[in-house]
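The values are calculated or read from the model by the stated rules, or taken from the named source; none is laboratory data. Please read all numbers here as calculations on a predicted model, not as lab measurements. Glycine gets a Cβ as well: all are built from the backbone with ideal geometry, and neighbour counts include every protein chain shown.
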Amino acid sequence: MPTPTRPAVEHHRRPRADVREEARVLARALRALTYSCAIGVAKPDHRAFEIAAESLGVTLADCLFIDDTEVNVLAAREVGMRAEVFRSAEQARDLTTA
């Protein structure tokens, strides 16, 4: 019996494809991405935000943090970052171009 192969082009329902495209557009607008698996600490731990700012060589106040979880947004604000709860790609675009 032949082994099935993974298609070179994947089919996704429209909403999932839209989300992926929005993520690609937004990622191009960002100066840096910080992954908890790489830094060994996760949000909402304050150290996660501090490491992200340090990696850019900027102050916490110079950063914009966007997340879909309010507890993470509140933690970012506690350390002095400008932080907003993610609502839409349009909102995030407006925040990153303001």
Within region 29-42, identify whether any single residue is surrounded by 11 or more Cβ atoms within 10 Å (Cβ to Cβ), modelled with pLDDT of 90 or more and in contact with an Asp or Glu (Cβ under 8 Å, 6 or more places away or on another chain), and answer yes or no. no
Residues satisfying the stated conditions in region 21-46, i.e. part of a loop (DSSP other than H, G, I, E, B) and over 12 Å from the mean Cα position of the chain (by Cα): GLY40, VAL41, ALA42, PRO44, ASP45
Can you tell me how many residues within region 47-82 are farther than 17 Å from TYR35 by Cα and within 12 Å of the chain's Cα centre (by Cα)? 0
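Condition check ((1) surrounded by fewer than 18 Cβ atoms within 10 Å (Cβ to Cβ); (2) in contact with a helix residue (DSSP H, G or I) (Cβ under 8 Å, 6 or more places away or on another chain)) across all residues:
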{"position": "ALA48", "(1), (2)": "no, yes"}
{"position": "GLY57", "(1), (2)": "yes, no"}
{"position": "ALA61", "(1), (2)": "yes, no"}
{"position": "GLU90", "(1), (2)": "yes, no"}
{"position": "THR96", "(1), (2)": "yes, yes"}
State all residues of region 63-75 that are surrounded by 14 or more Cβ atoms within 10 Å (Cβ to Cβ) and either more than 15 Å from LEU30 (Cβ to Cβ) or among the acidic types (Asp, Glu) (or both); if no residue qualifies, say none. ASP67, ASN72, VAL73, ALA75
Quick one: how many residues across region 53-73 are assigned to a loop (DSSP other than H, G, I, E, B) and of a type in the set (A, V, I, L, M, F, W, C)? 2
